[in-house]
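The values are calculated or read from the model by the stated rules, or taken from the named source; none is laboratory data. As the structure is a prediction and not an experimental result, all values here were calculated from the model. Please note: Cβ atoms are built from the backbone with ideal geometry, for glycine as well, and neighbour counts cover all protein chains shown. The area values use the complete protein model at the heavy-atom level, side chains included, leaving out ligands, DNA and RNA. Shrake-Rupley method; radii C 1.70, N 1.55, O 1.52, S 1.80 Å.
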Amino acid sequence: MTKLIIKSAGPFTTIQDLGRYGYQKYGIPPSGAMDGFALQIANILVGNKRNEAALEITSAGFSAIFQGECEIAITGADLGATLNGKAITPWQSFHIQNGDVLKFEKVKTGCRAYLSVGGGWDVPKILGSKSTYTRANIGGYHGRKLKNADVIEIGKSYHFAFRNVKIPSHIVPTYSNHKVRVILGPESNRFSKKEINKFLSSSYRLTGQSDRMGYRLSGPTLRAKRGKHDILSNGVLLGAIQVPPDGQPIVMMSDHQTVGGYAKISTVISADIPLLAQLKPGDNLSFKHVSFEEARKAYLSMQNILDLLEKQIRKEPKVFFVKIGEKFYKVKVRACSKIVPKEIGFSPR
Amino acid sequence: MRKQFKCVPYGDSAVLVEFTNKIDPKVNAMVHSLSALISNEKIEGIVETIPAYSSLTVLYDPKLLDFPAIVERLNELGDKCKEREKFSSPIKIPIIYGGKYGPDLQFVANYNRLSAEEVIKIHSSAEYLVYMIGFTPGFAYLGGMSKKIATPRLESPRKKVPAGSVGIGGDQTGIYPIESPGGWRIIGRTPLKLFDVEKDPPVLLKPGDKVRFIPIIEDK
């Protein structure tokens, strides 16, 4: 079986897919990749289903050695990846030989990189998902972040594309834009117009108390009307921006708690969650209010990019090894729309 | 039919359905009723719901539904919402009160000028309603505790509260399903497993359930 042996796990590496949905009513957060866009492209590049799990590698310091052959892809943050000591560029797939060493040496852009393998990481699905929720030890690799010397098995892949597939450069995010779009609500009426304008026109800094659960921001203090920051607890969502009594906003991220009692001044639009995911403590960000329509358009256009990429890559020929009797054959397969069965019969001579 | 609730946009992929803004078993029953109606209808594009005291958060896939469309569906279902609580026999939670399992029992008694025995009697004689689940997986917010044993939370939360601990926080009571930090006054512990990922649903208590505490003594 093909495996990955972790030499250095880095500060925070976990297995994440697109999340565990349907259990928030029981207090279980969805978890899942912080940057779902990068995760899906990592999967598309190696021919996996888009919601397959990848390693979410936070910041530099991760290194590992492969045992066996497989295909990998790296997307998301540029963490200065090297393969056997040679620099490689993310947002493409690579063929891996037995003994290859992969390292992430230096943060260049963004914060979280995704490492996918053809066939996926072979960990059990817990409540329908491979995502790790470390606070309750659910899912992923034994419910926890990876440690040095962990060995993760790789699932069976049904094809090898011996060609490096690359994402067109105009699709690759640069993570230089730190303007995050929001929709006001659900409790923006707790804040005066003046406070909302302050929120939308100020710059906030991501503090060190920021993780997969939420980002604590620091910047101009926001006061609710009559100081009423507490609400009767209601549902909390990915991207919701709570304002506790100290007036410093908190953006809820993938491992967010499912209910909360602080007023939410606005909610980040789905399409900009990946942008948030790639911010590091110390980065500045600001917020821009957009219409419902714009939010939906942005989401649909992101989905459209993913659909198109998937279609295009599916069209590429796949290379299989087939063993018939004692002989191996290399077979190139290209997808076609229709299979026309050929009649086998007697042909009179 | 009078309007039962108000629908507020919550980001681009959820609706916050707000009922009367108070902690009330009847209001909460409507929340669970609407949540059940939605899951029975299996509406394409609805991802899941999060019931809370007096609101229901409905998550949807913006690719398949938009705000006006979902509000229309919710309003249709709203006419069928019931104020009646779920008729079910309470789930019995055995609990060892006091001692090493309930280090704050005496504090709760002293604070309320009661004996420890009286606190146990009051706590175990009420029937509780699971208003919602949150904070950690499986943590049930129980309503219906007597104000006679209400006690403020700890000034600084404990770093580790063992799984199964039963606590009082203000006029609420609850059970810690997994080891976690916590600021409630711990009065006892249940040997029951409230959270188990091997099961589906993974929780013993579900929103809308009724609960009773049964005092037990430790088997020596």
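Note on region A:149-232: Rg/Rh from Cα positions, Kirkwood definition for Rh, rounded to two decimals, is 1.20. Computed from Cα atoms alone, the Kirkwood hydrodynamic radius reported for region B:6-78 is 12.1 Å. Which entries of A:K166/A:K332; B:K159/B:K210; A:K194/B:K6 show an alpha-carbon separation above 21 angstrom in the structure shown? Long pairs (Cα-Cα over 21 Å): B:K159/B:K210; A:K194/B:K6. Counted as membrane-span-like here are DSSP H helices of chain B whose alpha-carbon atoms extend 18 Å or more along the helix's own axis and whose Kyte-Doolittle mean is -0.5 or above; these are B:25-41.
The residues neighbouring A:P220, those whose beta-carbon lies less than 13 Å from its own, together hold a net charge of +2 under the Lys/Arg +1, Asp/Glu -1 convention. Each pair of Cα atoms in chain B enters the Kirkwood radius, and Stokes-Einstein at 20 °C and 1.002 mPa s then converts it into a translational diffusion coefficient of 115 µm²/s.
Considering only Cα-Cα distances, which of the following residue pairs are longer than 30 Å: A:K125/A:K327; A:K179/A:K228; B:K42/B:K206; B:K92/B:K160; A:K3/A:K125? Beyond 30 Å between Cα atoms: A:K125/A:K327. Taking all protein chains together and a 1.4 Å probe, the residues A:V107, B:V31 rank A:V107, B:V31 from largest to smallest accessible area. The A-B contact accounts for approximately 3300 Å² of buried accessible area, totalled over both chains at a 1.4 Å probe radius. Backbone N atoms of region A:203-241 closer than 20 Å to the 7 Å Cα→Cβ label point of B:R153 belong to residues A:209-211, A:213-217, A:224, A:227-237, A:241. Placing a pseudo-label 7 Å from each Cα along the Cα-to-Cβ vector at A:K108 and A:N304 gives an inter-label distance of 3.0 nm.
Overall form of region A:206-245: oblate. Here a/c, set by the Cα gyration tensor axes a ≥ b ≥ c, is 1.5 or more, and a/b is not larger than b/c. Starting from the Cα of B:K147, draw a straight line to each of the aspartates and glutamates and keep only those under 18 Å, dropping any in the same chain fewer than 8 residues away. Here the aspartates and glutamates satisfying the reach criterion relative to B:K147 are B:D24, B:D104, B:E117, B:E118, B:E127, B:D171. Which of the three applies to the protein assembly as shown, rounded, prolate or oblate, going by the alpha-carbon gyration tensor with a ≥ b ≥ c and a/c under 1.5 meaning rounded? It is prolate, given that a/c is not under 1.5 and a/b is the larger ratio.
As a rough guide to protection, the peptides B:102-108, A:74-80 ranked by mean Cβ packing within 10 Å, highest first, stand as A:74-80, B:102-108. Counting only other chain Cβ atoms within 10 Å of each residue's Cβ, the peptide A:285-296 averages 2. The dipole here belongs to chain A: it is taken about the Cα centre, uses +1 on the Cβ of Lys and Arg and -1 on the Cβ of Asp and Glu, and is about 460 debye. Report summary: the helix-based calculation at 222 nm, which adds -39500 (n - 2.57) for every DSSP H run with n ≥ 4 and divides by the residues of the protein assembly as shown, gives -5000 deg cm²/dmol. Projecting label points 7 angstrom from Cα along Cα→Cβ for A:K49 and A:T221 puts them 5.0 nm apart. Note on surface exposure: A:V322, A:V182 rank A:V322, A:V182 by accessible area, highest first, 1.4 Å probe. Ordered by 1.4 Å accessible area with all protein chains kept, A:M302, B:M145 run largest first as A:M302, B:M145. Summarising the label geometry, the points placed 7 Å from Cα in the beta-carbon direction at B:S125 and B:K100 lie 3.1 nm from one another. A Förster radius of 56 Å combined with the Cβ-Cβ distance from B:E179 to A:K315 puts the calculated FRET efficiency at roughly 0.65. The region of chain A that goes longest without hitting one of the GluC sites (Glu not before Pro) in a DSSP loop, each with at most 10 other Cβ atoms within 10 Å, is A:1-325.
Between A:A149 and B:D219, the FRET efficiency estimated from the beta carbon spacing at R0 = 51 angstrom works out to 0.80. Using the Cβ-Cβ distance between A:K193 and A:K288 with R0 set to 22 Å, the FRET efficiency from 1/(1 + (r/R0)^6) comes to roughly 0.85. Within straight-line reach of A:K315, meaning a Cα separation under 15 Å, sit the following aspartates and glutamates at least 8 residues removed in sequence or on another chain: A:D307.
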